[in-house]
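Right, one structure below, let's go through it.
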Amino acid sequence: MKTLNQTVNAGGNAYQWLVEVLFGVVGAVVVMLMLMLSMSNAMANQSSTIHSTDPQPVLAMPQPSSSSSLIQVGSANMSMMWFDIYSATLYSIDGKYQAEQWPLKLEIEYHRDIDAEDLIDATVDQWMHLGLSEQQIEQYREQLLRAWPDVKDGDRLTFMVNNRDQAEFLFNDKPYFQVSHAQFAVDFLAIWLSEHTSRPKLRQQLIGMN
């Protein structure tokens, strides 16, 4: 009986020893993991601190467009009978008009609601008056169909010409359509600025000769 008890006690002691060993190993692993995690966090914080002290990139301030520095040359009102159609204002780099001196801006503010189709038809009539070929007019007309919206009283349609080959329409001061035809800028401005315009008095007012 005593031998059996000693055997049981010996077995219990061995089991207890095994449990203590296992818990000791697990505890050591846990401690090591905690140490590794702590070191990782410390390194991450240090890295974050280093990065935060690095000089931050400076965002470039938006540069003003070339149109913002243009000076008014002249302005004129377009009327038919007792109806006011639009007001037009011409701007240049020095406040003076010289043919094909760029940049140049023509701003038109409408005083009536007009469908884009009617605007295009009126423009085509002016090109016919200036003697442009039917083929050229048709090419321009295709561009205007994509370029011009219907306008309402108070809307502004601006034609900004940076150089002979770079021009665009703005609608209420927002970019609206980029012109792709090199000669278009000259022929479009000719409606108002050509010596052969159908509105010579309006031309004189626009170029400051009134």
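Which of the residues belonging to the range 127-167 are in a helix (DSSP H, G or I) and touching a residue at least 60 places away in the same chain (Cβ under 8 Å)?
W127, H129, L130
Go through (1) modelled with pLDDT under 95; (2) over 30 Å from the mean Cα position of the chain (by Cα) for Q101 and report which single condition fails.
(2)
Residues that are of a type outside the set (K, R), in a strand (DSSP E or B) and closer than 25 Å to G208 by Cβ: does the range 177-188 have at least one?
No, because not a single residue in the range 177-188 is of a type outside the set (K, R), in a strand (DSSP E or B) and closer than 25 Å to G208 by Cβ.
Within the range 68-115, which residues are farther than 19 Å from D187 by Cβ and of a type in the set (V, I, T)?
Once the filter is applied, which keeps residues that are farther than 19 Å from D187 by Cβ and of a type in the set (V, I, T), the range 68-115 yields I71, V73, I85, T89, I93, I114.
So which residues in the range 54-95 are modelled with pLDDT of 95 or more and either of a type in the set (S, T, N, Q) or within 13 Å of L193 (Cα to Cα) (or both)?
Passing the criteria: Q72, V73, G74, S75, A76, N77, S87, A88, T89, L90, Y91, S92.
When L130 is evaluated against the numbered criteria (1) farther than 19 Å from N77 by Cα; (2) of a type in the set (A, V, I, L, M); (3) over 24 Å from the mean Cα position of the chain (by Cα); (4) crowded, with 17+ Cβ neighbours inside 10 Å, which criterion, by number, is the only one it fails?
With respect to (1) farther than 19 Å from N77 by Cα; (2) of a type in the set (A, V, I, L, M); (3) over 24 Å from the mean Cα position of the chain (by Cα); (4) crowded, with 17+ Cβ neighbours inside 10 Å, L130 is out only on (4).
Among W148, W127, which is closer than 19 Å to Y86 by Cβ and either modelled with pLDDT under 95 or touching a Cys at 6+ places or on another chain (Cβ under 7 Å) (or both)?
Answer to the selection: W148.
Among the residues in the range 179-191, are any open to solvent by 60 Å² or more (accessible area, probe 1.4 Å), of a type in the set (S, T, Y) and within 25 Å of Y97 (Cα to Cα)?
Yes; the residues of the range 179-191 include at least one that is open to solvent by 60 Å² or more (accessible area, probe 1.4 Å), of a type in the set (S, T, Y) and within 25 Å of Y97 (Cα to Cα).
Looking only at the range 69-118, count every residue that is outside any strand (DSSP E or B), within 19 Å of P149 (Cβ to Cβ) and open to solvent by 50 Å² or more (accessible area, probe 1.4 Å) and tell me the total. Steps first, answer last, please.
Filtering the range 69-118 down to residues outside any strand (DSSP E or B) leaves 69-70, 81-82, 93-103, 111-113, 115-118.
Adding the requirement that they be within 19 Å of P149 (Cβ to Cβ) leaves 111-113, 115-118.
Of the ones still in play, those that are also open to solvent by 50 Å² or more (accessible area, probe 1.4 Å) are 111-113, 115, 117-118.
Total meeting the criteria: 6.
The values are calculated or read from the model by the stated rules, or taken from the named source; none is laboratory data. Since this is a predicted model, take the numbers as computed values, not measurements. FYI the Cβ positions are ideal-geometry reconstructions off the backbone, even for glycines, and counts take in every protein chain you see. Ligands, DNA and RNA are stripped out before the accessible areas are found, and what is left, the full protein with its side chains, is counted by its heavy atoms. Shrake-Rupley method; radii C 1.70, N 1.55, O 1.52, S 1.80 Å.
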